[in-house]
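Report on the following structure.
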Amino acid sequence: MASELYLKLKDFYDNSSLALKVTKPLKKGAVAEVQFEGDPESYALLKEKDHSVLKPGKPEKPEIYMKFTAAAVDYLYELHQQKQDDIEEWMTRFSECIINPTKERKIEFRICTNLVTVARMGYFGMMRLGGKRAFSIAMKLGIKVPKKFLK
């Protein structure tokens, strides 16, 4: 089952125009550690040239850590299957899985570095794509978003 979750997210990042839009603000080299429920493996979500790729293996210094339940992967992957390119909807779904998770649909999310690095690597720019709701969710998580990103 876990390899199925990896393959779904890999398909999303490899083949979705929505994934290109969502990760466009990230700088080359931005990296997150990704895990899936029931899978002891870690994966690296790495921003390469113009897109992000999901690869097996634990990254050395991830900026972000995310652990997905199967239902959370399905909830996000559904937009790709329906060929929807609605960034705000994707960010809303992603945020829901973090802020208002259910037992089935949950993403554990941690920042693994300082906020300067988070800003430098483009994560606030990515969050901006989700609109005001994304920033309000970040503030609920206790993340102090610099004012220049709120404009």
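The values are calculated or read from the model by the stated rules, or taken from the named source; none is laboratory data. Note that the structure is a prediction, hence the values are computed from the model and not measured. Glycine also receives a Cβ, built like all others from the backbone with ideal geometry; neighbour counts cover every protein chain displayed.
For every residue, the table says whether it meets (1) within 26 Å of GLY131 (Cβ to Cβ); (2) at pLDDT 95 or above; (3) in contact with a strand residue (DSSP E or B) (Cβ under 7 Å, 6 or more places away or on another chain).
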| position | (1), (2), (3) |
| --- | --- |
| PRO40 | no, no, no |
| ASP50 | yes, no, no |
| LYS58 | no, yes, yes |
| TYR65 | yes, yes, yes |
| PHE68 | yes, yes, yes |
| THR92 | yes, no, no |
| SER95 | yes, no, no |
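Screening the candidates LEU26, LEU76 for the property of being under 21 Å from GLY131 (Cβ atoms), in contact with a Cys (Cβ under 9 Å, 6 or more places away or on another chain) and touching a residue at least 60 places away in the same chain (Cβ under 8 Å) yields one hit, LEU76. With respect to (1) out of contact with any Gly (no Cβ under 9 Å at 6 or more places or on another chain); (2) surrounded by 13 or more Cβ atoms within 10 Å (Cβ to Cβ), the lone exception for GLN82 is condition (2). Being more than 15 Å from the chain's Cα centre (by Cα), within 23 Å of SER42 (Cα to Cα) and hydroxyl-bearing (Ser, Thr, Tyr) is a property that THR117 has. Here ASP74 fulfils each of the conditions (1) touching a helix residue (DSSP H, G or I) at 6+ places or on another chain (Cβ under 9 Å); (2) of a type outside the set (Ser, Thr, Tyr); (3) at pLDDT below 90 apart from (3). Here LYS8 fits the description: crowded, with 19+ Cβ neighbours inside 10 Å, of a type in the set (D, E, K, R) and over 19 Å from GLY122 (Cβ atoms). With respect to (1) surrounded by fewer than 20 Cβ atoms within 10 Å (Cβ to Cβ); (2) more than 19 Å from TYR13 (Cα to Cα), the lone exception for PHE124 is condition (1).
Within region 94-120, residues that are more than 17 Å from VAL34 (Cα to Cα) and among the hydroxyl-bearing types (Ser, Thr, Tyr) sit with their Cβ atoms under 8 Å from residues that are surrounded by 14 or more Cβ atoms within 10 Å (Cβ to Cβ) and modelled with pLDDT of 90 or more, at 6+ positions apart or across chains, in these pairs: THR102/ALA71; THR117/GLU63.
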